[in-house]
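Shown next, in structure tokens, is the structure this report addresses.
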Amino acid sequence: MPAYTPPLRDMAFVLHEVLTVSESHPDLDPDSTAAILEEAGRIARDVLAPLNAVGDREGCRLENGVVRTPTGFRAAFDLVREGGWTGLDCDPAYGGQGMPYVLATAVGQMAAAANMAFNMYQGLTHGAYSAIHAHGTEEQKATWLPNMVTCAWTGTMNLTEPHAGTDLGLLRTRAEPQEDGSYRITGQKIFISAGDHDMAGNVVHLVLARIAGAPAGVKGISLFIVPKFLVNADGSLGTRNALSVGKLEEKMGIHGNATCVMNYDGATGTLLGEANRGLAAMFTMMNEARIGVGLQGLAQGDAAYQAAATYARERLQGRAVPAPEHPDAPADPLIVHPDVRRALMDQKAFVEGGRAFLLWAATLIDAANAGDAAAHGLVSLLTPVVKGFLTDKGFEGAVQAQQIFGGHGYIEETGASQFVRDARIAMIYEGANGVQALDLVARKLGQDGGKPIMAFFETVKDFIRENEADARLKAGFLDPLKAASRDLQAAAAFFLDNVKTPNAVLAGSTDFLHLFGHVCLGYLWARMAKATLAGTDDFSAAKLATGRYYMARQLPATALHLARIQSGAEPVMALSEEAF
Ligand SMILES: Cc1cc2nc3c(=O)[nH]c(=O)nc-3n(C[C@H](O)[C@H](O)[C@H](O)COP(=O)(O)OP(=O)(O)OC[C@H]3O[C@@H](n4cnc5c(N)ncnc54)[C@H](O)[C@@H]3O)c2cc1C
């Protein structure tokens with residue numbers, strides 16, 4: 001099974017030399033950050049990665065109404081919990097360590113690369129923690145948060161119903177008000193990640209439901225805290241709530257994570273936030289979860305790339321041209337072949353650029369949390385790009401990695417297939433990527449009078465202007481970035497000209513998301529190149545060469561995306577429904 005190497009040098013480079021995080025977070029000095037990331041990397045490599053194939057092979061089991069996780073998961077969860085990793089960026093008032101989100105993102109990237117299914121139990125808990133932290137009463141926070149910070153209790157998000165996926169306005173789960181102020185929740189939710197398991201004392205479900213008499217559609221949806229075990233006034237666990245696991249879904253990947261059908265049969269819940277404003281409250285969790293899912297895409301792309309690079313160095317097939325590179329061996333390794341190199345470079349350039357993009361977005365979240373309105377607007381705009389682009393490209397990278405394994409990549413023994421299977425779901429859940437693109441063009445682009453997108457363009461322009469005199473950056477980095485950024489502006493202008501013909505905008509939405517993603521990575525690659533120029537070591541040389549590859553071979557995709565966008569709705573919508 002593939003080994004996992006934590007990308008410590010690369011993370012330190014991005015955090016300190018590119019994003020200079022210690023300027024805004026003095027506690028993130030290079031030494032302390034290195035110590036934390038080294039330990040997190042050790043756990044990812046030595047504890048979580050070896051359980052990745054075990055989780056895939058064994059999956060979860062439903063026994064007498066209780067979900068059993070794969071061998072070793074429970075001990076590993078205890079270890080992660082005992083190390084305080086689950087509360088790294090949580091509020092110290094509830095037992096967290098109060099570290100910046102960007103640090104938790106770096107740690108999470110390694111955990112999700114090593115074992116995506118395992119890491120989801122903690123990830124969902126963190127999302128539920130954030131929703132309760134943002135919208136809960138003091139009593140709710142005191143009741144739930146301390147145990148969620150430590151993952152003694154884990155959390156879930158319950159949106160999806162059999163007939164209501166993307167269109168949550170259709171959901172039917174009911175909430176009946178009770179005299180004591182609580183609600184009785186009745187309905188069925190499907191596909192609930194970490195819906196039940198044997199690694200925590202309680203599972204705190206955040207459930208979307210409709211209070212009797214509420215308006216139809218999304219304006220009548222409320223959010224409820226519905227625990228597996230009710231909690232007594234003294235904080236101890238009380239009686240079992242009226243909810244159960246109907247079944248475990250059989251699925252393509254992330255077998256180590258329990259995906260449950262949850263039945264609520266008059267379960268006791270308490271309202272979180274305001275009645276009929278549940279979707280807004282759930283969005284606190286979903287926005288965080290979308291960044292977290294983008295992280296999963298990147299992480300799986302990274303793990304798959306590492307496995308493919310190792311294999312390409314070891315597997316002997318064919319000869320380099322014009323002359324063998326290892327004449328004494330029976331053949332040269334795969335890595336000598338330019339087409340294999342191309343695939344590896346695509347993956348490497350995406351993983352390193354994507355890592356910088358993700359960590360940059362995480363610094364914007366920290367700034368937004370500290371009250372910076374412009375950062376809030378920008379990260380809100382970028383959230384669908386982080387989710388959609390990093391998961392589409394992470395999956396593409398995993399498929400490229402599998403291809404490098406040839407037929408062996410299709411055989412489970414090598415582990416290449418698991419990366420593909422696990423990475424695939426990240427494109428679907430937390431709002432399928434088509435819906436991320438819709439959110440981007442229909443909501444985020446015009447948000448706040450277009451201020452965030454203008455701020456993005458200004459950020460890129462300023463960087464180009466400030467560095468244009470540097471010949472080492474101009475041709476290889478700044479000129480291609482300028483061209484790509486112009487493509488993005490032209491696409492935005494096309495949408496603006498076509499606001500009255502929405503299909504012309506919607507038909508180009510996925511292309512726009514990808515165009516935007518490329519410009520973001522191009523911008524981050526230019527910043528990384530600048531930070532590397534002074535370096536004389538192998539790391540700096542490789543960084544510059546990888547950046548040049550991205551700018552030369554990946555970034556020109558923006559022109560193709562723009563051409564597709566400008567072709568409008570007609571080619572997409574030309575056929576009648578019957579013609580399909
Ligand atoms: C393994 C797994 C884990 C999951 N975990 C959770 C969880 O923890 N909690 C939870 O609540 N849900 C969870 N889900 C559900 C998941 O979020 C949904 O499956 C997803 O949001 C899509 O909903 P759907 O499956 O009903 O697809 P649909 O809504 O039927 O969409 C089908 C396709 O149509 C496209 N589409 C739909 N509407 C539009 C539109 N207006 N414009 C353009 N395209 C559109 C979508 O992009 C998608 O590709 C999970 C799903 C899986 C498979």
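The values are calculated or read from the model by the stated rules, or taken from the named source; none is laboratory data. Being a predicted model, the structure only gives us computed values, none of them experimental. Ideal geometry is used to build each Cβ from the backbone, glycine not excepted, and the neighbour counts take in all protein chains shown.
The C-beta contact set for segment 150-170 (first residue surrounded by fewer than 15 Cβ atoms within 10 Å (Cβ to Cβ), second residue acidic (Asp, Glu) and assigned to a strand (DSSP E or B), distance under 8 angstrom, 6+ apart or interchain) comprises LEU170/GLU161.
Selection over segment 143-181 of residues that are away from the ligand (no atom under 16 Å from the Cβ) and in a loop (DSSP other than H, G, I, E, B) gives a count of 7. Here LEU481 clears all of (1) away from the ligand (no atom under 16 Å from the Cβ); (2) not in a helix (DSSP H, G or I) except the condition numbered (2). Of the residues making up segment 273-287, at least one is of a type in the set (Gly, Ala, Ser), part of a helix (DSSP H, G or I), in contact with a helix residue (DSSP H, G or I) (Cβ under 7 Å, 6 or more places away or on another chain) and in contact (Cβ under 8 Å) with a residue 12 or more places away in the chain. Those helices (runs of 4 or more DSSP H) of segment 1-46 in which 1 or more residues are out of contact with any helix residue (DSSP H, G or I) (no Cβ under 7 Å at 6 or more places or on another chain) occupy 21-24, 30-43.
Scanning segment 182-208 for residues that are part of a loop (DSSP other than H, G, I, E, B) and closer than 17 Å to VAL226 by Cα turns up SER182, ALA194, GLY195, ASP196, HIS197, ALA200, GLY201. Could you grab me the full set of residues in segment 211-268 that are of a type in the set (S, T, N, Q) and away from the ligand (no atom under 16 Å from the Cβ)? Residues satisfying the conditions are ASN232, SER236, THR239, ASN241, SER244, THR268.
When segment 533-580 is filtered for residues that are polar (S, T, N, Q) and within 30 Å of the chain's Cα centre (by Cα), the ones remaining, listed by number, are SER540, THR546, GLN554, THR558, GLN566. Can you tell me which residues in segment 182-210 are within 16 Å of the ligand (Cβ to nearest atom), of a type outside the set (A, V, I, L, M) and farther than 17 Å from LEU237 by Cα? Residues satisfying the conditions are GLY187, GLN188, LYS189, PHE191, SER193, GLY195, ARG210.
Among residues of segment 241-262 that are within 17 Å of VAL207 (Cβ to Cβ), those with a beta-carbon under 6 Å from a residue that is assigned to a strand (DSSP E or B) and near the ligand (Cβ under 8 Å from one of its atoms) at least six positions away or on a different chain give the pairs THR259/PHE191; THR259/SER193; CYS260/ILE192; VAL261/ILE190; MET262/LYS189; MET262/ILE192.
Inspect all residues belonging to segment 480-493 and state whether any of them is assigned by TED's automatic domain parsing to the domain that holds THR459, of a type in the set (D, E, K, R) and under 11 Å from GLN566 (Cβ atoms). Yes, the conditions are met somewhere in segment 480-493. Tell me, yes or no, whether segment 322-335 has at least one residue that is without any contact (Cβ under 8 Å) to a residue 40 or more places away in the chain, within 29 Å of ILE425 (Cβ to Cβ) and out of contact with any Asp or Glu (no Cβ under 8 Å at 6 or more places or on another chain). Within segment 322-335 (the criterion being without any contact (Cβ under 8 Å) to a residue 40 or more places away in the chain, within 29 Å of ILE425 (Cβ to Cβ) and out of contact with any Asp or Glu (no Cβ under 8 Å at 6 or more places or on another chain)), the answer is no, since none of the residues qualifies.
Here ARG74 qualifies as touching a residue at least 60 places away in the same chain (Cβ under 8 Å) and over 22 Å from the mean Cα position of the chain (by Cα).
Residue-level check: of (1) within 16 Å of the ligand (Cβ to nearest atom); (2) touching a residue at least 60 places away in the same chain (Cβ under 8 Å); (3) more than 25 Å from ASP302 (Cα to Cα); (4) not basic (Lys, Arg), ASP392 misses just (3). Pull up segment 438-471, narrow it to residues that are surrounded by fewer than 18 Cβ atoms within 10 Å (Cβ to Cβ) and part of a loop (DSSP other than H, G, I, E, B), then point me to the one that is nearest to the ligand (Cβ to nearest atom). Step by step, filter segment 438-471, then rank; the result is GLY446.
The lone criterion from (1) of a type in the set (Ser, Thr, Tyr); (2) under 20 Å from the mean Cα position of the chain (by Cα); (3) surrounded by fewer than 24 Cβ atoms within 10 Å (Cβ to Cβ) left unmet by TYR305 is number (3). From the list ALA114, ALA175, ALA134, ALA200, the lone residue that is within 19 Å of GLY292 (Cβ to Cβ) and crowded, with 24+ Cβ neighbours inside 10 Å is ALA114.
So which residues in segment 530-571 are assigned to a loop (DSSP other than H, G, I, E, B) and at pLDDT 95 or above? Passing the criteria: ASP537, LEU555, PRO556, SER567, GLY568, ALA569. Considering segment 248-264 alone, what residues qualify as being assigned to a strand (DSSP E or B) and in contact with a Leu (Cβ under 7 Å, 6 or more places away or on another chain)? Scanning segment 248-264 gives LEU248, THR259, CYS260, MET262, ASN263, TYR264.
Scanning segment 456-469 for residues that are outside the structural domain of ILE254 (by TED's automatic domain parsing), more than 28 Å from ASP372 (Cα to Cα) and at pLDDT 95 or above turns up at least one hit.
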